[in-house]
1. Using each residue's phi in segment A:129-146, evaluate 6.51 cos²θ - 1.76 cosθ + 1.60 at θ = phi - 60° and report the 3J(HN,Hα) Karplus result to the nearest Hz, with x for Gly and Pro.
2. Once amide H atoms are built 1.01 Å from N in the peptide plane, which residues 5 or more positions from B:Gly128, or in another chain, come under 5 Å H to H?
3. Counting only DSSP beta bridges with both residues in the protein assembly as shown, what percent are antiparallel, rounded to the nearest 5?
4. How big is the Kirkwood radius of segment B:11-146, worked out from every pair of different alpha carbons and given in Å to one decimal?
5. For the protein assembly as shown, what are Rg and Dmax over the alpha carbons, in angstrom?
6. Taking neighbour counts of Cβ atoms within 10 Å as a proxy for exposure, in what order, fewest first, do A:Met115, B:Met88 appear?
7. Averaged over peptide B:54-60, how many Cβ atoms belonging to another chain are found within 10 Å of each residue's Cβ?
8. Once phi is turned into ³J(HN,Hα) by the Karplus curve 6.51 cos²θ - 1.76 cosθ + 1.60 with θ = phi - 60°, what whole-Hz value does each residue of segment B:89-105 show in order, with x for glycine and proline?
Protein chains: 2
Amino acid sequence: MENIFTDEYFMKKALQEAEIAFEKDEIPVGAVIVANNTVIARAHNLTELLHDVTAHAEMQAITSAANFLGGKYLKGCTLYVTVEPCQMCAGALYWSQISKIVYGATDEKRGYLAMGTQIHPKTEVVSGVLAEECGALMISFFRKKR
Amino acid sequence: MENIFTDEYFMKKALQEAEIAFEKDEIPVGAVIVANNTVIARAHNLTELLHDVTAHAEMQAITSAANFLGGKYLKGCTLYVTVEPCQMCAGALYWSQISKIVYGATDEKRGYLAMGTQIHPKTEVVSGVLAEECGALMISFFRKKR
């Protein structure tokens, strides 16, 4: 039987979150955290609504997943996020010891790779999943803002 | 007239927060954010109590200060924190565009300097304020844990 729980499958869930952010006039980034093929946390960027630079999709998803699991470590979990994490989010993911990070579009200016942020040595990273769709939403948002 | 509002003055407030964390059996890090010589946010590490790796003193203080100010940027504000910020907290401070960061003890393993995290170009950093007291609290905590 074909495995339907692919990285694309869960990235689509993250994209749905990003679309909700877009509709709220937030920079459209969405994230979900998955454990045993089940979404245990979903979030989208809320920095404008909350007046809070820490309210990135990933940060909220980390807090929410840890709350669901009843412990602060996210070993065995995978984060799907539509855009490459920033320094702050990569730093939070480092502390969480999450097993896998899957992101869509690259952030060439403020992404963790460009900024030189360190990922936990036990964390696997996969990039470029639905990159075009994830990036298109960002481009469309900033075009609207101009 | 002598200015009582020195960096040491406000670091003592951050140390008080760190002591509260210590009493709660949390890694003893405390922070305050100051605007116009007034403390507008105070927080201490709560990662164990909240089961949340994002609940560092600095992160909570940033959220709290932005909430107080009604805007997400902390221009004109100073963060006092007893221990050098990590990647996550330095990343959050980057987004906040805070004017000044003052820290006490150095974190040679996981501090933002060792990890290579970038600070906002407009942010001034002062280190080593009450470093001995701030560091002694950490040493005492980890000695107790062994």
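Since every read-out is calculated from the coordinates, none of them should be taken as a lab result. Bear in mind that the values here come from a model prediction, so they are computed numbers and not experimental data. A quick note on method: Cβ atoms are made from the backbone with ideal geometry, for glycine too, and the neighbour counts reach across all protein chains shown.
1. With the stated coefficients, segment A:129-146 comes to 7, 6, 4, 5, 4, 4, x, 4, 5, 5, 4, 4, 5, 6, 5, 5, 6, 5 Hz.
2. Amide H neighbours of B:Gly128, under 5 Å, 5+ apart: B:Tyr103, B:Gly104.
3. Values: 22 of 40 bridges.
If we restrict to bridges inside the protein assembly as shown, about 55 percent are antiparallel.
4. Working: mean 1/r = 0.0692 Å⁻¹.
Computed over segment B:11-146, the radius equals 14.5 Å.
5. 19.2, 80
6. Values: A:Met115 20, B:Met88 32.
By the 10 Å Cβ count, ascending: A:Met115, B:Met88.
7. Working: counts 14, 3, 3, 0, 1, 6, 1.
Average neighbour count from other chains, rounded to a whole number: 4.
8. Along segment B:89-105, the couplings run 5, 5, x, 5, 5, 4, 4, 6, 6, 4, 6, 8, 10, 10, 10, x, 6 Hz.
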